[in-house]
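Chemist: Have a look at this one.
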Amino acid sequence: MDRDRRLKLAVQKSGRLTEPSLDLLVRCGLKLSRGKDQLVGFGENMPLDVLFVRDDDIPDLVQEDVCDLGLVGRNVLEEKRLALEARGVRVSFETLRLLDFGRCRLSIAVPKDTAWDGAGTLAGKRIATTYPHLLARFLAERNIVADIVTLSGAVEIAPRLGRADVICDLVSTGSTLEANHLVEVETVLESHAVLIRTPVALPPLKNDWVERLLMRIDGVQQVKESKYIMLHAPRAALDEIRRLLPGSESPTIIPLEGHPDKVAIHAVCRENVFWETLESLKRAGASALLVLPVEKMLS
Ligand code: PRP
Ligand code: ZN
């Protein structure tokens, strides 16, 4: 039965997470074919299919075991968690990985000419948002009583329409706020993408693939900043050069034929290697410096 063999992963249909989510899956080796039915992508080389849905639906789809996995923003996930808890429903999706994309924040923003003197300024104000639960928690934690105006979208124009005094909305580049003459004044929640899974136990075959996928995701996240660096160094400068190599545990040191006073050093650096680092290495006596991107890593 297909249900027992193929994983279903929910991904945002169109929005800030769509492209980086698909990019992550491609880096994990997935070949996806999307036919006429744009809502489901079929994994050609893995028993994994991708469902393209509204991001707000992803926690429910996973919680209700319609999908096994979901890639969703922490903002959507935490809002849903609070909404379910308010209804007395126990939250049971499990967060498997925090991911390094989809960074944004849920923030309070006010019209440009507003006098702002800290969160207390919100007392008695009408605040438009699509995140009523996160906003309510933020206000309650600060003992602020305000009027939450729950909207389903286009929050940024609410002050101009006279529906609210201020807003609580997602900000990433800030261009939406800028275009609507609003200024960000407080952060309610920092967000990024997360991978969640169903609370229901999976059959062994599917479980194995979840494990493999996690291992690949870890590998992808590790190599993003990693570089492979090669250089020649005088033996006398070895200690200093090892000290300068950013985030590398045990470099390989190779003798150089015909140069008893020199060695070649190869190292994986877990951080980006900047020009400044190369310049310091050169000053310490290094030559023939070469920095290569790392494509895959498995430890
Ligand atoms: C958010 C938010 C703003 C925009 C801000 O919407 O509501 O419209 O992103 O981004 P910016 O700072 O880069 O301009 P989102 O795309 O998440 O849509 P959704 O809430 O409907 O999922
Ligand atoms: Zn959304």
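Taken together, the values in this text are just the output of simple stated rules run on the coordinates, not laboratory data. If you're wondering where the values come from, they're calculated on a predicted model, not measured in any experiment. A quick note on method: Cβ atoms are made from the backbone with ideal geometry, for glycine too, and the neighbour counts reach across all protein chains shown.
Chemist: In deg cm²/dmol and to the nearest 500, what is the mean residue ellipticity at 222 nm of the chain if only DSSP H runs of at least 4 residues count, each as -39500 (n - 2.57), divided by the residue total?
Modeler: It lands at -8000 deg cm²/dmol.
Chemist: Still on this structure: Under the Karplus relation 6.51 cos²θ - 1.76 cosθ + 1.60, θ = phi - 60°, what is the ordered set of whole-Hz ³J(HN,Hα) values for segment 278-285, x standing for Gly and Pro?
Modeler: Karplus values, whole Hz, x for Gly and Pro: 4, 5, 5, 4, 5, 4, 7, x.
Chemist: Among G174, V200, T130, pick out the residue whose Cα is farthest towards the positive end of the charge dipole of segment 109-258, where Lys and Arg carry +1 and Asp and Glu carry -1 on C-beta, about the Cα centre.
Modeler: Final value for the positive-end residue is V200.
Chemist: Restricting to Cα pairs below 8 Å that are 6+ residues apart, what does the relative contact order work out to for the chain? Please round to a whole percent.
Modeler: 19 percent
Chemist: Let me ask something else. Taking +1 at the Cβ of each Lys and Arg and -1 at the Cβ of each Asp and Glu, which of G153, L189, P260 sits farthest along the dipole of segment 125-268 towards its positive end, judged by Cα position relative to the Cα centre?
Modeler: Positive-end residue among those listed: G153.
Chemist: Say the cut-off is 31 Å between C-alpha atoms; which of K80/K296; K224/K282; K31/K282; K8/K227; K13/K206 go over it? Don't jump to the answer; show the numbers that get you there.
Modeler: Numbers: K80/K296 35 Å; K224/K282 25 Å; K31/K282 42 Å; K8/K227 33 Å; K13/K206 24 Å.
Over 31 Å apart, Cα to Cα: K80/K296; K31/K282; K8/K227.
Chemist: So how strong a dipole does segment 104-191 carry about its Cα centre when Lys and Arg Cβ are +1 and Asp and Glu Cβ are -1, to the nearest 20 debye?
Modeler: Working: 8 positive and 11 negative charges, 44 e Å.
For this selection, approximately 220 debye.
Chemist: Now for a different question. Which whole-angstrom value gives the distance between the alpha carbon centres of segment 67-117 and segment 142-202?
Modeler: Answer, in whole Å: 10.
Chemist: Find, among the GluC sites (Glu not before Pro) in segment 34-115, those assigned to loop by DSSP (not H, G, I, E, B) with at most 12 other beta-carbon atoms within 10 angstrom.
Modeler: Taking segment 34-115 and a limit of 12 other Cβ atoms within 10 Å, the loop GluC sites (Glu not before Pro) found are E44.
Chemist: Still on this structure, please answer the following. Based on Cβ point charges of +1 for Lys and Arg and -1 for Asp and Glu, what charge dipole magnitude is obtained for the chain about its Cα centre, in debye rounded to the nearest 20? Mind showing how you got there, number by number?
Modeler: Working: 40 positive and 43 negative charges, 77 e Å.
Computed charge dipole of the chain: roughly 360 debye.
Chemist: If you average the sequence gap of Cα pairs under 8 Å that are 6 or more apart and divide by the length of segment 227-293, what percent do you get for the contact order?
Modeler: The normalised contact order for segment 227-293 reaches 52 percent.
Chemist: Which whole-Hz couplings ³J(HN,Hα) result when phi for each residue of segment 202-216 is put into the Karplus expression 6.51 cos²θ - 1.76 cosθ + 1.60, θ = phi - 60°, listed in order with x for Gly and Pro?
Modeler: 9, x, x, 4, 5, 4, 4, 6, 5, 4, 5, 4, 4, 5, 5
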